[in-house]
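The values are calculated or read from the model by the stated rules, or taken from the named source; none is laboratory data. Worth saying up front: this structure is predicted, and the values here are computed from it rather than measured. Counting neighbours? That spans all protein chains shown, and the Cβs are built from the backbone with ideal geometry, glycine included.
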Amino acid sequence: MSDSTVPKIVLLPGDGIGPEIAAAVVEVLERLGDFEFDTRLMGGCSIDESGVALTDEVLEACKASDAVLLGAVGGPKWDTTDPDAPRPEQGLLGLRAGMGLFANLRPVRPVPALADASPLREEIIRGTDLLVVRELTGGIYFGKRGRDGDTAYDTCEYSVAEVERIARVGFAAARRGVTSVDKANVLESSRLWRETVNRVHQEEFPNVILDHLLVDNAAMQLVAEPSKFDVILTENLFGDILSDEAAMITGSIGLLPSASLGEDGLPGLFEPVHGSAPDIAGQGIANPFAMFLSAAMMLRHGLSMPDQASALESSVDRAVADGIRTRDLGGQATTAEATEAVLTRLD
Ligand code: IPM
Ligand code: MG
């Protein structure tokens, strides 16, 4: 945490549409309060500049901030299967590990006005209000990997302590209950996961309803009956996959924010769930709503400004309800028009 009373936000616009939605969110935040923005390179843009996706200097700036707000990283320019070439995603993974961001929160709440944008029928998605709590610094993403002759391997490891701390986040966030998702019928790491989640439940959160689902079954239930889920608590890779699947319940990944949090008091990282959309970059038509909602999560979880967070969320909701739609939502609004619509509703 920085000492000054003006919150210090490290802004990482990133690649593709990242800089466009980052500019839009600065406009919106400036309407809500005083913030100091420190804009830095991370992702493909950083590779172009310095050969690595995340420099030590940028990581240190992020650690010394009050919160980090990220646009999106990646693009075809840096796509490669060469194991030695730098990749934009390494910047994101480096931030997660370097800042200790073990808890990733991805709320999924369909906007009634957009019910027709979901590929699922309205009666299936009605009433859905769930939160994916994804473990973010362990598992196969960070296990030993390599190549051995013509073989390649990645390993999935979890310690009891890693499962305990994410389980606590999941139980604490529950309103109705927690569904812990694993593959305990096959994987040893999943058996440790399930055993540990059960123990934390019994010892610390006995009043929360807990059930367990195998990940294949969870993937099916998520589209069959999404409204029955409250918190989905899961490990890194399963959470990556299930959160994209859950995004389609809303019909647009362009509306989903996320928060990545570490230990209490340390800065978190806030970013839209969507990617850098290189195909529409630079055209001024990117949907800034998920970025605005990510900024709202930052205000609530990172900067203790819950009133400003609610005001921003409700302005986005009302803009969408009033028919302000970017192309991905089936409309014609530009980034500037969508931003203006939210600013007008904030005032
Ligand atoms: C996400 C993304 C990342 C992940 C990629 C970009 C490394 O898909 O945040 O879900 O797999 O975690
Ligand atoms: Mg993903």
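In contact with a strand residue (DSSP E or B) (Cβ under 7 Å, 6 or more places away or on another chain) and within 30 Å of Asp84 (Cα to Cα): is that true of Gly146 in this structure? Here the answer is yes, as Gly146 does meet what is asked. Each residue in segment 202-255 was checked for being over 26 Å from Gly143 (Cβ atoms), more than 16 Å from ligand 2 (Cβ to nearest atom) and in contact (Cβ under 8 Å) with a residue 12 or more places away in the chain, and 14 of them qualify. Among residues belonging to segment 56-82 that are within 16 Å of ligand 2 (Cβ to nearest atom) and among the hydrophobic types (A, V, I, L, M, F, W, C), point out the one that is nearest to Ile9 (Cα to Cα). Selected residue: Leu70. State whether one or more residues within segment 223-241 are basic (Lys, Arg) and under 29 Å from Glu313 (Cα atoms). Among the residues of segment 223-241, at least one is basic (Lys, Arg) and under 29 Å from Glu313 (Cα atoms), which makes the answer yes.
Residue-by-condition table, conditions (1) within 14 Å of ligand 1 (Cβ to nearest atom); (2) in contact (Cβ under 8 Å) with a residue 24 or more places away in the chain; (3) within 24 Å of Arg194 (Cα to Cα); (4) aliphatic (A, V, I, L, M):
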| site | (1), (2), (3), (4) |
| --- | --- |
| Leu101 | yes, yes, yes, yes |
| Leu114 | no, yes, no, yes |
| Leu131 | no, yes, yes, yes |
| Gly146 | no, no, no, no |
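Condition first: more than 16 Å from ligand 1 (Cβ to nearest atom), farther than 23 Å from Met297 by Cα, of a type in the set (A, V, I, L, M) and at pLDDT 95 or above. Can you find one or more residues in segment 168-178 that meet it? No, segment 168-178 has no match at all. Filtering segment 121-133 to residues that are buried (at least 19 other Cβ atoms within 10 Å of the Cβ) and among the hydrophobic types (A, V, I, L, M, F, W, C) leaves Ile125, Leu130, Leu131, Val132, Val133. Of the residues in segment 238-246, at least one is within 16 Å of ligand 1 (Cβ to nearest atom), surrounded by 14 or more Cβ atoms within 10 Å (Cβ to Cβ), modelled with pLDDT under 95 and of a type in the set (A, V, I, L, M, F, W, C). Just wondering, is there one or more residues in segment 291-306 that are at pLDDT 95 or above, within 16 Å of ligand 2 (Cβ to nearest atom) and either farther than 22 Å from Val6 by Cβ or not in a strand (DSSP E or B) (or both)? Among the residues of segment 291-306, at least one is at pLDDT 95 or above, within 16 Å of ligand 2 (Cβ to nearest atom) and either farther than 22 Å from Val6 by Cβ or not in a strand (DSSP E or B) (or both), which makes the answer yes. Criterion first (in the same structural domain as Gly98 (by TED's automatic domain parsing) and within 27 Å of Ala117 (Cα to Cα)) does Ser227 satisfy it? Considered against the rule, which asks whether it is in the same structural domain as Gly98 (by TED's automatic domain parsing) and within 27 Å of Ala117 (Cα to Cα), Ser227 comes out as no. In the set (1) in a helix (DSSP H, G or I); (2) within 11 Å of ligand 1 (Cβ to nearest atom); (3) of a type outside the set (Asp, Glu), His274 fails one condition alone, (1).
Hey, any hits in segment 182-189 for a residue that's more than 30 Å from Leu95 (Cα to Cα) and either of a type outside the set (Val, Ile, Thr) or surrounded by 15 or more Cβ atoms within 10 Å (Cβ to Cβ) (or both)?
yes
Determine if segment 108-118 includes at least one residue that is within 15 Å of ligand 2 (Cβ to nearest atom) and on the phi < 0 side of the Ramachandran plot. Looking for residues that are within 15 Å of ligand 2 (Cβ to nearest atom) and on the phi < 0 side of the Ramachandran plot, one finds at least one in segment 108-118, hence yes.
Per this entry, Ala53 is not counted among residues that are within 16 Å of ligand 2 (Cβ to nearest atom), in contact (Cβ under 8 Å) with a residue 12 or more places away in the chain and either assigned by TED's automatic domain parsing to the domain that holds Asn236 or of a type outside the set (Lys, Arg) (or both). Put simply, of Asp34, Asp48, Asp38 the only residue that is part of a loop (DSSP other than H, G, I, E, B) and away from ligand 1 (no atom under 15 Å from the Cβ) is Asp34.
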